[in-house]
Amino acid sequence: MSIWKYLFNIEERRNWWMRKMPPSPLRDYYEVPFPDKEADWRQVDYLAVDYETTGLDEDKDEILSVGYTTIHGSCMRLGDATHILTRPQGVIPGESAVVHGILDDAASSAEALEDVLPHLLRALAGKAMLAHFATIEYHFLSNACERIYGFPFVGPVVDTLALEVRVYRSQDKSIQQGDLRLANARTRYGLPRYRAHNALIDAIAAGELFLAQVATKMDKKNIMLKDLTVVS
Amino acid sequence: MEVELLEIRDFLVLHHPFNQLSIDALNGVLGDIEIRYLRRGTDIRQDHGLMESLYLIRTGAVELQGHDGELLARLAEGDMFGYRASPREEQDDIRGKVIEDCLVYQFPASAVDDLCEQHPQLDYFLAPVGGDRLRDAITHVGDDSNSQLSMMTTRIRDLITREPVIMPPTATIRETAVAMSEERVSSILITQEEMLQGIVTDRDLRNRVVAKGLDYDLPVTEIMTGETCTADINDYAFEAQLQMARQNIHHLPVLDEEKVAGMLTATDLTKHHTTSAVYMVSDIHKQNDIESLQEISTKSADLLVNLAAADVTADSAGHVITSVVDALTCRLIKLAEDQLGSPPVPYAWLAAGSQARSEQTAKSDQDNCLLLDDSYDEKKHGEYFQQLARFVCDGLDACGYFYCPGEMMAITDKWRQPLHAWKKYFSKWIDQPEPKALMLTCVFFDLRCVCGDRSLFRGLRKYLQEKCRGNRIFLAHMAGNALTHRPPLGFFRNFVLIHGGTHDLTFDLKHTGIVPIVDLARVYSLAAGINLVNTQDRLKAVAEGGEVSEEGARDLQDTLEFVSFLRIEHQARQIRAGEDADNFMSPKDLSNFERNHLKDAFSVVRTMQNVLSQRYKI
């Protein structure tokens, strides 16, 4: 969790950057207040997000596709589901193409990341970002923002992997290798197994896992957004 | 939609009615989906939006409860509930309870209405009444019927294309011949006030007039065939074909009740292909020993497979298959009489149970009895009939129609009795309806004369009819008995399934689906004093008589057809796989489409059972 520590008090940083920043899609994003961290989790809107990337190093690797859909309280809407291919500047390494199935040809007809980011930022405005192992999504996005707009990205983040870790801790169970992978976590909640591997279905998969996780927690107490976030 | 939603679309495609939509239409549907996760124990109440959305279960299980908390259905993956998903009469008080954590796809009511407006397939399926949906299923199942065997499903009514060509009995031979020539027909009916007097064919003109040099001005009654076979306009075409094959005739007058309705010729029928059943029956009538009959009856399994492959209706398949055991019975009786000499007193051989109702499918046990004339004297005639019954029942057993485990067969002394003894039996069963009596009543109230003296049988039937009609106490007992087999609440994994034994994890299609309807129809027709035995015929007749609502009767007819059809397909599948046919089906063998409709079927039966139970205050 140490990775998140220096990012505390995002609301303050939002205000500071908003004043400092020239007009840009990122500034538009900061114009909208973050959801209240004291709000009941059901009053909050979330954006389930996933990317396919050329690798896991946010400094070197590039985003190949972005998938997201909204969750309003306890309900995920497929009507808002979006999937966008982005055009990388480098060549797609063979080993990552095996995973996501995005080849150079398809990617070269896609939009440049600069053109994709505004869509994603608009969708994220006023919402909490939700992903499985969200540190990847968060840092890739922040890096891209820094490169394109000169400022980093911050916002409340819900990480279904972190939530799953808490479940293990609260039950005093030891975590075995693979337990925290999205597919395995989903299996524990009786969620269906998705064969496909793309940004949108993984975003949906993470969103469903989130709904299952909070539904399971719900009988304990009133849950606030801050009980679910890794960054808030 | 985004192609990346394939995983979700693929799920919809597997489930009726979404599988009826084009890919484009499905892509549109995806946008309306809201995904929710419902925790075990969640109560989806009326005021909590149960009827504000249509829910499709992706994973997990939900229980639907009625007004008094009674269990209506257990639903699992692929099942729907909520807005427009349940039959109308259940909608008001329904509540849902999540019994296993669920991922559900939820369609808001307004989206459902929009979708239904755009896609008639959805509109039809999500129409509020169970029965209508079932009718949809039956037409759907029977879509690509094979014309080869269409005779099995065609009624004679549909084959008659013109008004009958008729002459009065006062006409001369010449006038008759002129009329035939003008009308270009090979036969003509002689009628008086629409009543059939006789028939004249080309062959009669050749053999009886020209060859004998008869005077053309003689009245036609001189050469007509007076006593002739006839067919009923509501019979199946194959029954007419059987009759022609058996009697070696080519023209069959068709009657609508007593009146002449038309003429059916061999040519009309050969337009349709001949069928294996017809060959089997005429073959049976040519055999002179049990061994050859045995050999022929091994083919009856193929017959069932052919019928299933041809998509004939279950009702007509029942008639066809029963016609084979009828033919076997008749032939065996003929062979017995050849051996034992002619019978000392008149008798009738009666089939009981499913044979009587013409509802046999794969080979089943034999249920039969012997009705003897009142002049029967056990000392003098007992031996003869005992031997006759022994010969026939043994023969049927050898042909695969095994001895009835309940011994309801003519070889049992008790079931080989003169008319007055039978009347006494029935009188006792009706006046003292104990459980054992009711069980016997169910078997012996479905009786049909297969062979022998029909007037003897009519006497017994008339007696029963009068004894039962309006007898509220007896009818209430029969109604109570008709409620003993309740269809299951729904399919929920193993919930309604049989556990252990040879039929592990299956459900009994006969006792959960067919027997309840047969029982209901029997009560209706006893109450209405109707003589019919076939369940479809009974339901048709009671609807006209008002014993049950027309809609209710129609729903039951469709339900019976649907469940019986599933049974025949199941048995055909077993026979093709080299297994013995039975009534035990695994839910795995059902398509989702069939599962949904089976649920509708069960809901129709339960509704009708509830109506009956209220009517007789059981």
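The values are calculated or read from the model by the stated rules, or taken from the named source; none is laboratory data. Being a predicted model, the structure only gives us computed values, none of them experimental. Cβ: placed from backbone, ideal geometry, glycine included. Neighbour counts: every protein chain shown. Just so you know, the surface numbers come from the protein's heavy atoms only, side chains and all, with ligands and any DNA or RNA stripped out. Shrake-Rupley method; radii C 1.70, N 1.55, O 1.52, S 1.80 Å.
Taking all protein chains together and a probe of 1.4 Å, list B:His251, B:His15, B:His420 from the most accessible to the least accessible.
From most accessible down to least: B:His420, B:His251, B:His15.
Quick one: grab Rg to one decimal and Dmax as a whole number for the range B:480-615, Cα atoms only, in Å.
15.5, 46
Given contacts defined as C-alpha pairs under 8 Å and at least six residues apart, what's the relative contact order of the range B:155-270, whole-number percent?
The value is 31 percent.
May I ask you to give the percent of accessible area on the protein assembly as shown that is carbon plus sulfur, with a probe radius of 1.4 Å?
So the carbon and sulfur contribution to the accessible surface is 48 percent.
Not counting ligands, DNA or RNA, and with a 1.4 Å probe, what is B:Met244's accessible surface area in Å² rounded to the nearest 10?
Accessible area of B:Met244: about 10 Å².
Please state the charge dipole magnitude for the protein assembly as shown, taken about the Cα centre, from unit charges on C-beta atoms (+1 on K and R, -1 on D and E), reported in debye and rounded to the nearest 20.
My answer is approximately 2080 debye.
What number, in percent, do you get for the relative contact order of the range B:480-615 if the mean sequence gap of Cα pairs under 8 Å and at least 6 apart is divided by its residue count?
31 percent
Using unit Cβ charges (K, R positive; D, E negative) and no other charged atoms, how large, in debye to the nearest 20, is the dipole of chain B about its Cα centre?
With Lys and Arg at +1 and Asp and Glu at -1, about 1780 debye.
Among B:Val98, A:Asn15, B:Cys116, pick out the residue whose Cα is farthest towards the positive end of the charge dipole of the protein assembly as shown, where Lys and Arg carry +1 and Asp and Glu carry -1 on C-beta, about the Cα centre.
B:Val98
From the square roots a ≥ b ≥ c of the eigenvalues of the alpha-carbon gyration tensor of the range A:140-208, which class results: rounded (a/c under 1.5), prolate (a/b over b/c), or oblate?
Here the range A:140-208 falls in the oblate category.
So what's the angle, to the nearest 10 degrees on a 0 to 90 scale, between helix B:472-482 and the longest Cα principal axis of chain B?
Between the helix axis and the principal axis of chain B, the angle is about 60 degrees.
If you roll a 1.4 Å probe over the heavy atoms of the protein chains, what accessible area per residue do you get for chain B, in Å²?
43 Å²
On a C-alpha basis, how far is the centre of the range B:180-237 from the centre of the range A:199-213 in Å? Whole number, if you could?
81 Å
Run lengths n ≥ 4 of DSSP H only: what is the helix-derived mean residue ellipticity at 222 nm for the protein assembly as shown, with -39500 (n - 2.57) per run over all residues, to the nearest 500?
So the helix-based figure for the protein assembly as shown works out to -14000 deg cm²/dmol.
Accessible area per residue of the range A:2-231 at 1.4 Å probe, in Å²?
45 Å²
In the range A:50-87, what residues drop by 20 Å² or more of accessible area when the other protein chains are put back, versus the chain on its own? Use 1.4 Å, and skip ligands and nucleic acids.
By number: A:Ser74, A:Cys75, A:Met76, A:Arg77, A:Leu78, A:Gly79, A:Ala81, A:His83.
Name the residue farthest towards the positive end of the dipole of chain B from the options B:Ala581, B:Val260, B:Val443, assuming +1 on Cβ of Lys and Arg, -1 on Cβ of Asp and Glu, about the Cα centre.
B:Val443
For A:204-216, what's the mean count of beta carbons from other chains sitting within 10 Å of each residue's beta carbon?
Averaged over the peptide's residues, the number is 3.
Which of B:Pro433, B:Leu64, B:Leu340 sits farthest toward the positive end of the charge dipole of chain B, with +1 on the Cβ of Lys and Arg and -1 on the Cβ of Asp and Glu?
B:Leu340
What's the extension gain from B:His420 to B:Thr221 if we count 0.36 nm per residue and subtract their Cα-Cα distance?
Stretched out fully, the B:His420 to B:Thr221 stretch lengthens by 67.4 nm.
Round to the nearest 10 and give me the degree value, 0 to 90, for the angle of helix B:515-528's Cα axis relative to the longest principal axis of chain B.
Taking the Cα atoms of chain B, the angle to B:515-528 is about 60 degrees.
How big is the A/B interface in buried accessible area, both sides summed, 1.4 Å probe, to the nearest 100 Å²?
2000 Å²
As an exercise, identify the trypsin sites (Lys or Arg not before Pro) in the range B:515-618 lying in DSSP coil whose Cβ has no more than 16 other Cβ atoms within 10 Å.
Loop-located and lightly packed - B:Lys617.
With N set to the residue count of the protein assembly as shown, report its C-alpha Rg divided by 2.2 N^0.38 Å to two decimal places.
So the protein assembly as shown has a normalised radius of gyration of 1.30.
With a cut-off of 8 Å between alpha carbons and a minimum separation of six or more residues, what is the relative contact order of chain B in percent?
12 percent
Once you order the gyration tensor axes a ≥ b ≥ c over the Cα atoms, which shape class does the range B:155-270 get: rounded for a/c under 1.5, otherwise prolate or oblate by comparing a/b with b/c?
Prolate shape, in that a/c is at least 1.5 and a/b is the bigger ratio.
Rounding to the nearest 20 debye, state how big the charge dipole of the range B:155-270 is about its Cα centre with +1 on each Lys and Arg Cβ and -1 on each Asp and Glu Cβ.
Using Cβ point charges on Lys, Arg, Asp and Glu, the range B:155-270 gives about 480 debye.
Give the ranking of B:Glu337, B:Glu182 by solvent-accessible surface, highest area first, calculated with a 1.4 Å probe.
B:Glu182, B:Glu337
Can you pull the mean other chain C-beta count within 10 Å for peptide A:154-163?
Averaged over the peptide's residues, the number is 0.
Taking only the alpha carbons of chain B, what extent do you get along each of the three principal axes, in Å, biggest first?
Result for chain B: principal-axis Cα extents of 91, 63, 47 Å.
Taking Rh as the Kirkwood radius computed over C-alpha pairs, what is the Stokes-Einstein D of the range A:2-231 at 37 °C in a medium of viscosity 0.692 mPa s, expressed in µm² per second?
181 µm²/s
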